[in-house]
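The values are calculated or read from the model by the stated rules, or taken from the named source; none is laboratory data. Every value quoted in this text rests on a predicted model; they were computed, and no experiment measured them. Positions of Cβ are backbone-derived with ideal geometry, glycine not excepted, and every protein chain shown enters the neighbour counts. With ligands, DNA and RNA removed, areas are computed over all heavy atoms of the protein, side chains included. Shrake-Rupley method; radii C 1.70, N 1.55, O 1.52, S 1.80 Å.
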Amino acid sequence: MANLVEATTQQQFEDFLAKAGKCLTVVHFQAAWAPQCGQMNEVMAELAKEHAHTTFVKLEAEAVPEVSEKYEISSVPTFLFFKGGEKVDSLDGAHAPELTKKVQRLAVSEGPGGAAEGSGADLNQRLKKLLNAAPCMLFMKGSPQEPRCGFSRQIVALLKEHKIQFSSFDILSDEEVRQGLKTYSNWPTYPQLYANGELVGGLDIVKELAESGELENTCPKAVTLEHRLKTIINQSPVMLFMKGKKEAARCGFSRQLLELLNGTGVDYDTFDILQDEEVRQGLKTYSNWPTYPQLYVKGELIGGLDIVKELKESGELVSVLKGE
């Protein structure tokens, strides 16, 4: 299969990226001793059949250390996604459904002859979902706790000063959203503030609204923390509150719990408590559970890693996750 290849040197790896151009390249950092890598290669082979303009590259992580070290590969399997020679996303672990989703979402580059490999419909649906993730959504560089540009820092300060309850999305963490939202909203710069899914504007407009006293009327009234927690807990039938993201856990307990969930085949969503201190502290009191990760099914707390391990050992985990 012409679009399923293996890179055995750094030069080969760079040549594959250059040849792919703006089309998607998926690189699987693997190891011969890891059986899960073999399983994921089978998944890649199937995806290669479906996505003819996407290049799938297998690379032995230990055999090409220059590349592994450059991209800080610390475990196998790890998947990196490239467009135009730049890394746009990553995925840690043998999680076939998530790999498939990411390839389908990112494989929207132009193929030969100008025919689009995928349509923008999936991206627009994703953007719409993000815009409506909270009554007031701020798309910014960094997080409210750590803004990564002066304009983002100023708009966060304004919203906090006027006691506007808002959620945020770090556009530096997702290049597809960063570029796609500019077109979707016809607004070329960041930060961008949305109320009830509609664009309010950037920093200058928010400043004007604040000065005229209209900001509180433009943005939805602040909801109570309890209402906000309930909304997030019920965002998906299975919700995991963890340190880090599904693609990149930032503590060992969260990583272990992700592996247990990935082994069930049951779909789930995650919430990164490191990005929202209010949720991080509030959920401990709300659930009367002092540590993370925390797993919820249909709005009810199941527990942390130890309880999920027990459910796995007793054979009950899948039925509990399905709410049976």
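The set of residues in the stretch 53-67 that are exposed (fewer than 14 other Cβ atoms within 10 Å of the Cβ) and touching a helix residue (DSSP H, G or I) at 6+ places or on another chain (Cβ under 7 Å) contains only E66. Here E278 passes the criteria (1) of a type in the set (D, E); (2) under 20 Å from G263 (Cβ atoms); (3) touching a residue at least 12 places away in the same chain (Cβ under 8 Å) except the one numbered (2). Considering the stretch 265-285, and only residues there that are in contact with a Leu (Cβ under 8 Å, 6 or more places away or on another chain) and either of a type in the set (G, A, S) or surrounded by fewer than 16 Cβ atoms within 10 Å (Cβ to Cβ) (or both), the residue that is farthest from F169 (Cα to Cα) turns out to be G282.
Selection of the stretch 206-227 for residues being of a type in the set (A, V, I, L, M) and free of Cβ contacts under 8 Å to residues at least 12 places away in the same chain yields only L209. The requirement of being within 27 Å of T78 (Cβ to Cβ) and among the basic types (K, R) is not satisfied by K284.
Those residues that are within 17 Å of E216 (Cβ to Cβ) and aliphatic (A, V, I, L, M), I need them from the stretch 153-205; list them, please. Result: I155, V156, A157, L158, L159, I164, L193, A195, V200, I205.
For K19, the test of being touching a helix residue (DSSP H, G or I) at 6+ places or on another chain (Cβ under 9 Å), modelled with pLDDT of 90 or more and open to solvent by 20 Å² or more (accessible area, probe 1.4 Å) is failed. The number of residues in the stretch 46-64 being in a helix (DSSP H, G or I) and within 24 Å of the chain's Cα centre (by Cα) comes to 4. Considering (1) in a helix (DSSP H, G or I); (2) open to solvent by less than 20 Å² (accessible area, probe 1.4 Å), the lone condition that V26 does not fulfil carries the number (1).
Looking across the stretch 229-238 at every residue that is open to solvent by 40 Å² or more (accessible area, probe 1.4 Å) and outside any helix (DSSP H, G or I), the one that is nearest to S173 (Cα to Cα) is identified as Q235.
Can you tell me which residues in the stretch 239-284 are in a strand (DSSP E or B) and under 17 Å from E98 (Cβ atoms)? The answer is M239, L240, M242, G244, K245, A248, A249, D269, T270, F271, D272. With respect to L295, is the statement that it is outside the structural domain of K141 (by the TED database), among the hydrophobic types (A, V, I, L, M, F, W, C), within 24 Å of L80 (Cβ to Cβ) and crowded, with 19+ Cβ neighbours inside 10 Å true? No, not satisfied.
Within the span defined as the stretch 38-49, every residue fails to be of a type outside the set (G, A, S), modelled with pLDDT of 90 or more, open to solvent by less than 20 Å² (accessible area, probe 1.4 Å) and touching an Asp or Glu at 6+ places or on another chain (Cβ under 7 Å).
Flag: E247 matches the condition of being outside the structural domain of R148 (by the TED database) and either touching a strand residue (DSSP E or B) at 6+ places or on another chain (Cβ under 7 Å) or loosely packed, with under 14 Cβ neighbours inside 10 Å (or both). Residues that are of a type in the set (F, W, Y) and either in the same structural domain as G304 (by the TED database) or closer than 17 Å to S143 by Cβ (or both): does the stretch 177-187 have at least one? Checking the stretch 177-187: not a single residue is of a type in the set (F, W, Y) and either in the same structural domain as G304 (by the TED database) or closer than 17 Å to S143 by Cβ (or both).
Scanning the stretch 165-183 for residues being surrounded by fewer than 17 Cβ atoms within 10 Å (Cβ to Cβ) and farther than 23 Å from L274 by Cβ gives a total of 3.
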